[in-house]
1. Please list, ordered by first then second residue, the pairs with beta carbon atoms under 9 Å, 6 or more apart or interchain, first in segment 429-440 and among the charged types (D, E, K, R), second surrounded by 14 or more Cβ atoms within 10 Å (Cβ to Cβ).
2. For the list (1) of a type outside the set (Gly, Ala, Ser); (2) more than 17 Å from PRO170 (Cβ to Cβ); (3) in a loop (DSSP other than H, G, I, E, B), I need the number of the one condition that ASN22 fails.
3. Hey, does segment 262-278 have a residue that's open to solvent by less than 60 Å² (accessible area, probe 1.4 Å) and within 19 Å of GLY148 (Cα to Cα)?
4. Return the residue satisfying two criteria in turn: it lies in segment 263-278 and is closer than 17 Å to TRP322 by Cβ and not in a loop (DSSP other than H, G, I, E, B), and of such residues it is nearest to the chain's Cα centre (by Cα).
5. From the list GLU323, GLU340, GLU330, pick out the single residue that is over 12 Å from ASN262 (Cα atoms) and of a type in the set (Asp, Glu).
6. State all residues of segment 444-462 that are open to solvent by less than 40 Å² (accessible area, probe 1.4 Å) and not hydrophobic (A, V, I, L, M, F, W, C); if no residue qualifies, say none.
7. Considering only segment 376-421, how many residues are touching a helix residue (DSSP H, G or I) at 6+ places or on another chain (Cβ under 8 Å) and either among the acidic types (Asp, Glu) or in contact (Cβ under 8 Å) with a residue 40 or more places away in the chain (or both)?
8. Report yes if some residue within segment 355-367 is closer than 28 Å to ALA78 by Cβ, open to solvent by 10 Å² or more (accessible area, probe 1.4 Å) and more than 15 Å from the chain's Cα centre (by Cα); otherwise report no.
Amino acid sequence: MTQEHIIYLSETFKDIASIHENDLDKYGRDETEDLLFRPQMVLKPSTTKEVAEILKYCNAHKIPVTPSGARTGLSGGALPIKGGIALSLERMNKIISIDENNYQVTTQPGVITQVLQEAVKAKGLFYPPDPASKGSCFIGGNIAENSGGPKAVKYGVTADYVLNLEVVLPSGEVIWTGANVLKNATGYNLTQLIVGSEGTLGVVTQIVLRLIPHPTVDMLMLVPFYDARKACEAVAAILKTGITPSGLEFMERDAILWTIKNIPSIQLEVADNHAAHLLIEVDGFDENKLIEECEKIAEVLEQFETGEILFADSQAQKDKLWEVRRKVGEAVKSHSIYKEEDTVVPRFELPNLLSGVKQIGEKYGFQSVCYGHAGDGNLHVNIIKGDLSEDQWNNELPIAIREIFELTVQLGGTISGEHGIGLVQKSYMDIPFTAASLRLMKGIKQLFDPNNIMNPGKILED
């Protein structure tokens, strides 16, 4: 990107352009470790037309463009590692319409996920995907990463709710990927191709999501275990009963302790012999049925080594327990330099994954704090730097991470459940995919983006 380009874009888009040093720093970071890649300019369009004009110009001059949401990602997906333009969608923040007859919502990408959820809840409707950062992340970023969250075990992930997308291609052309219908067998599924593509194929400017009726009742329990592996084993046992909890979360001992330490307002007793906890939620429309489900779950847990089960007896207590779970990542980050890996396996293999991670940690001398969405086999592995030397951290740890990912794939899983590949995971893509699969992906990228301007350097090595 030359000075001539900067001058042209600054003059053409003067109301939405910035080259201020603070902005270049701000949009050069996300929540991935302590990485910084400054763009040369930040542009904040508010219309699809502006996005199209920007992309058309950048494509003609081969200027890198990195779509940017709320920058809450953990894989470096929004980092402008090639410089160029950070294209922030924050001004495209309107909920366009809520269709109560067809259970759909049409929204721009810059709407905060929780704001969207609350808007449809006011109509008695439910948008279930709820990543831990739902109070700050954008729905457009959720589309880019195919975000999940605690409710995925029962309700699925972002991709399960996307009906149609307005996308601006690198050429500046604007397309709709599908139709606002529940069934669509018309041609290739471009909608699902865009979901999870991390801004490497185009820029999403409108989103049509399906909704469902909002549950009217929920119940929550926190279960301490004396053995972390047993906690993981209990997950499959619960699901074998035919009950599908709306949340089934795993937290190692340190995950809870560090969170409590980081948030003094949370009062929660963790006994010396508590190795892990499961946070279990059920929801629905019939309180008596949910009571029966909780009783049945409690019966299943009797075969495992658990402490006293805490049943949340108020909404305030439910909120506090969920806050503990949602703040774990933040607490770990404040405690130590760390790397977070996002693994996922068939849920019956979760105990083997946890044991394997600990064995690899012993081999390479690192501590790990594990937590995640146990109900769908999604384990977040936080590797703590601790006393590791710089040489161990920079040179040996990547080998250890590769072993964790190889184990994950051997167990039938893959190397990201919801955080995406972005920058930090791309060197491991050869583990879950063959050369033929990677070649197909690169071919798709080339077809959409022949000049490689869209979020270059992400997902696939280039």
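1. Hits for this filter: ASP430/LEU438.
2. (3)
3. yes
4. The residue in question is LEU278.
5. GLU340
6. Selection gives LYS445, ASP449, ASN455, PRO456, GLY457, LYS458.
7. Within segment 376-421, residues that are touching a helix residue (DSSP H, G or I) at 6+ places or on another chain (Cβ under 8 Å) and either among the acidic types (Asp, Glu) or in contact (Cβ under 8 Å) with a residue 40 or more places away in the chain (or both) number 28.
8. Scanning segment 355-367, I find at least one residue that is closer than 28 Å to ALA78 by Cβ, open to solvent by 10 Å² or more (accessible area, probe 1.4 Å) and more than 15 Å from the chain's Cα centre (by Cα), so the answer is yes.
The values are calculated or read from the model by the stated rules, or taken from the named source; none is laboratory data. Model, not experiment: these values are computed from the prediction. With ideal geometry, Cβ positions are generated from the backbone for all residues, glycine too; neighbour counts draw on all protein chains shown. Heads up: the accessible areas ignore ligands, DNA and RNA and are worked out on the full protein's heavy atoms, side chains in. Shrake-Rupley method; radii C 1.70, N 1.55, O 1.52, S 1.80 Å.
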